[in-house]
Amino acid sequence: MNVSDINVTGHRQATSGLSVHQQFLERWSPRAMTGQSLQEVELLTLVEAARWAPSCFNAQPWRFAYLANGSAGWQELQATLVPGNQAWAAQAGALIAVISRREFEHNSASAPTHAFDAGAAWMSLALQASAMGLVAHGMRGFDAEAACRCLNVPELYDLQAIIAVGYPGRVEDLAEAYQEREVPSGRKALDEIAFAGGFQQLAQ
Ligand SMILES: Cc1cc2nc3c(=O)[nH]c(=O)nc-3n(C[C@H](O)[C@H](O)[C@H](O)COP(=O)(O)O)c2cc1C
């Protein structure tokens, strides 16, 4: 299969009173996936989108370690996820670890924005997945030490998140506890997070 063969479908139709690009409203984090292994070209396409993210000094501190479903190490990496993630991520087509380098390569100084930069890259990956009709669901629920061992992450790097990606599956095939959660989530109101002129501490 080629990337161009993938059926592009909008999963979510969130609404906004402002003219936000549809791609932001359509992306969400489903859990239902078919278990079909993702192909190398699809995984590289996702990382290619992430590669073009902006970063401080264009340092590109991100690294991506990926395992397709069924490949060597798959079971071991799955076992590092918390049970609540294993329950559905076992049906992912691949797991992609988002890793960032804590120091700049050019001078070994501490890179204060490495996590921020990796976050931008993950969002690019997520939007690319959504445009390809794929699920991309970020996870922080894992044993970080065990996952780093599994993936041979060097000491100088932080494992930020593991992304479950895959072909959209049927909600009915999810364990019952997850079926009712298989709906797009809402957001805080704009006036709770956007402050003209300076930060405003709102009454809780
Ligand atoms: C860094 C990060 C870590 C997350 N960790 C988990 C996780 O361990 N398990 C899970 O089910 N969802 C996880 N999520 C998914 C969030 O819960 C989800 O993105 C959020 O509820 C907003 O929903 P939406 O992505 O569908 O818009 C994570 C998301 C991010 C960005």
Residues whose placed amide H lies under 5 Å from that of Ala94, excluding near-sequence neighbours = Leu38, Asn69, Val165
For Glu192 and Trp52, extending 7 Å from Cα along the Cα-Cβ vector and measuring point to point gives, in nm, a value of 3.4
For region 58-169, what class follows from the C-alpha gyration tensor (a ≥ b ≥ c being the square roots of its eigenvalues): rounded when a/c is under 1.5, otherwise prolate if a/b is larger than b/c, else oblate?
-> oblate
Estimated vicinal HN-Hα couplings, Hz - region 25-38 in sequence order (Karplus 6.51, -1.76, 1.60; Gly, Pro = x) = 7, 7, 5, 7, 10, x, 10, 6, 9, 7, x, 5, 5, 6
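Given a 1.4 Å probe and every protein chain left where it sits, what share in percent of the accessible area of the chain is carbon and sulfur? Kindly include the intermediate steps, with their values, before the conclusion.
Working: 6020 of 11450 Å².
Carbon with sulfur: 53 percent of the solvent-accessible area.
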Gain in span if fully extended, Phe116 to Glu176, counting 0.36 nm per residue against the direct Cα distance = 18.1 nm
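So if the hydrodynamic radius of region 137-204 is defined as the Kirkwood radius over C-alpha pairs, what does Stokes-Einstein give as its diffusion coefficient at 10 °C and 1.306 mPa s, in µm² per second? Present the calculation step by step, with values, prior to reporting the outcome.
Working: Rh = 16.5 Å.
Using the Kirkwood radius from Cα pairs, D works out to 96 µm²/s.
For the chain, what is one quarter of the convex hull surface built on the Cα atoms, given in nm²? Intermediate values should be presented prior to the final figure.
Details: hull surface 56.1 nm².
Its Cα hull, projected and averaged over all orientations, spans 14.0 nm².
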Between Gln200 and Arg102, what FRET efficiency comes out of the Förster formula 1/(1 + (r/R0)^6) with R0 = 35 Å and r the beta carbon distance, rounded to 0.05?
-> 0.60
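The values are calculated or read from the model by the stated rules, or taken from the named source; none is laboratory data. Predicted, not measured: the structure shown is a model, and the values here were computed from it. Neighbour counts run over all protein chains shown; Cβ positions are idealised from the backbone, glycine included. Protein only, heavy atoms only, side chains kept; ligands, DNA and RNA dropped before computing areas. Shrake-Rupley method; radii C 1.70, N 1.55, O 1.52, S 1.80 Å.
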